[in-house]
Structures are given as structure tokens and as C-alpha cells.
Amino acid sequence: MTVLLAKKFEPARHDVAGWMASEKLDGMRAYWNGKSLETRNGKPINAPRWFTNGLPSEELDGELWIGRGEFQHTVSICRKEMPVDSEWQEVMFKVFDAPGLAGTFKERYEAMLSMDLPSHAEVVEHTTISGAAEVTILLRGFEALGGEGVMLRDPDSAYERKRSSTLLKVKSFQDADATVVGYQDGEGRNVGRLGALRCKLDDGTEFRIGTGLNDSQRENPPLIGDRVTFSFFELTDAGVPRFPAFVGVRGD
């Protein structure tokens, strides 16, 4: 299974007047196939039966979400093979598309708003924007609340199962994934535990992630071979991420 993935918003290139904007949620991507929840790569998500009861027969694309800044906590709950009911009580299924429905995104969005969803599932609010200037205002507003960024949707678009320019993401910092290939020992207050993760991008570029890790993650770091998400400011001319910060281990 392949889901719709976003491209980066470029103000000089993308005219988004009349597009629909929503907050970019820092949760775990989840796809409801009408019978069960899956990751964006088609792996099963072992949610409690009560959590999926009441979801419609229509396919839904969304995010398992607890709150702003809770990405790693969300993933740690939703990756477990044996779900813990009390933990899942914290989780919301934030729905942002219904891929199986016909029509444009705006038409699908209006249809989603009329769906009878359980109390732990809700449609992500989208608003129509006037252009790039409003995107900047929304971005600053969401970031002030601890949010991650803004998502932009072409209201006239179909659901494409690929990375598409009909879905754009806007963040002050970029994010990417890398593979853990080793560890760097800590110094100072981190003596005896992890100082930094040695990571490799898909193109082979190696770099270190030393910030964004809490004490628990330094004492029990991600495993070698794990895929991790990190944020960064930009790439150097050599393709190395500047100011990389650990976000979390991927759940898919």
C-alpha cells in the first residue's frame, strides 16, 4: 500500500491561493483500510478492538496523535504488539482524507465532515487560504502553540498514492529520516551513556545527532539499524544536515 506524501512548499514556485490549510500534526501516520489500521508502509497497527469499533467501512488516511510534542510517546504506544488499553485512551485518530471516496479533496473533506465517527476519531480542520502570506501567519501561530507546521492541500485534487505537489508541507525546520549505524560516547553530564547517534542518510551521507535526546533515550538509545526521524535547518554544500535534532524512532 502506498499513501499520499507531501512535497516541500516553495513560495516562489507554488501558488496556493484558494488552497486548504491545516496544522501539521507530529503523530504516527495511520491508514484505516475499512477493517484494520496500518502504517503508511502497510504494516499492521495493533490497536485495541474498541478503538477500531465504530470506524466506517470507508478507507481513511490520518494520524494517530496524542498532542503537540508527543511524537515519540505516541509511537511507543502504537508500536506495541500487545496494545495497552489505558495507554490507547490517550490516542486520537485525526483523519485528513478518505482515499476511497470519489471527487476532489474538497468534496471528500465535506463528505468526511458528515461521517459518524467514534469519540476518539475526528476530521482535521481545514481552512481556505488567500495565499503565501497567510501561510506564514498560520505557521507562526501553530509554532507558537508548540505545533510542527502547516499542511496545504489543492482542493481540486484527487488522492494520489505517491509524493505529490497537490500536498505541500511548511515548516521552519525540515525533517528527514536516517538509519542508525553507531554510537558516540557521551562526555560531561553524559559520561557513561550515549552522547550522539551516528546516522546515515539514504544517499550514504553520514552525520551525528546529539541534540533532542532525553535522558531515557541516552540510557536506552535506538538500536543500530533503526530508522529515526530528525529535524534540521538545511543541508550543507556537502549534503550534511545542519543542526540535526532527534525527533524519534519511526513507527512504520
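The values are calculated or read from the model by the stated rules, or taken from the named source; none is laboratory data. Given the structure is predicted, the values throughout are model-derived calculations rather than measurements. Don't worry about glycine lacking a Cβ; one is built from the backbone with ideal geometry, like all the others, and counts go over all protein chains shown. Accessible surface areas use protein heavy atoms only, side chains included; no ligands, DNA or RNA. Shrake-Rupley method; radii C 1.70, N 1.55, O 1.52, S 1.80 Å.
Yes/no per residue for (1) among the polar types (S, T, N, Q); (2) within 22 Å of Val240 (Cβ to Cβ):
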residue	(1), (2)
Leu145	no, no
Asp154	no, no
Ser157	yes, no
Val170	no, no
Asp175	no, yes
Gly195	no, yes
Lys200	no, yes
Ser216	yes, no
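Among residues that are open to solvent by less than 40 Å² (accessible area, probe 1.4 Å), out of contact with any Phe, Trp or Tyr (no Cβ under 6 Å at 6 or more places or on another chain) and part of a loop (DSSP other than H, G, I, E, B), Gly18 is included.
Of the helices (runs of 4 or more DSSP H) lying entirely inside segment 32-146, none contains at least 2 residues that are on the phi > 0 side of the Ramachandran plot, surrounded by fewer than 17 Cβ atoms within 10 Å (Cβ to Cβ) and among the aromatic types (Phe, Trp, Tyr).
Considering segment 147-166, and only residues there that are within 17 Å of the chain's Cα centre (by Cα) and closer than 14 Å to Ile129 by Cα, the residue that is most open to solvent (accessible area, probe 1.4 Å) turns out to be Met151.
For residues that are under 18 Å from Phe233 (Cβ atoms) and small (Gly, Ala, Ser), scanning just segment 167-197, find the one that is surrounded by the fewest Cβ atoms within 10 Å (Cβ to Cβ). Out of the qualifying residues, it is Ser172.
Hey, does segment 172-190 have a residue that's part of a loop (DSSP other than H, G, I, E, B), at pLDDT below 95 and closer than 27 Å to Asp97 by Cα?
Checked against the condition, which is being part of a loop (DSSP other than H, G, I, E, B), at pLDDT below 95 and closer than 27 Å to Asp97 by Cα, segment 172-190 yields at least one hit.
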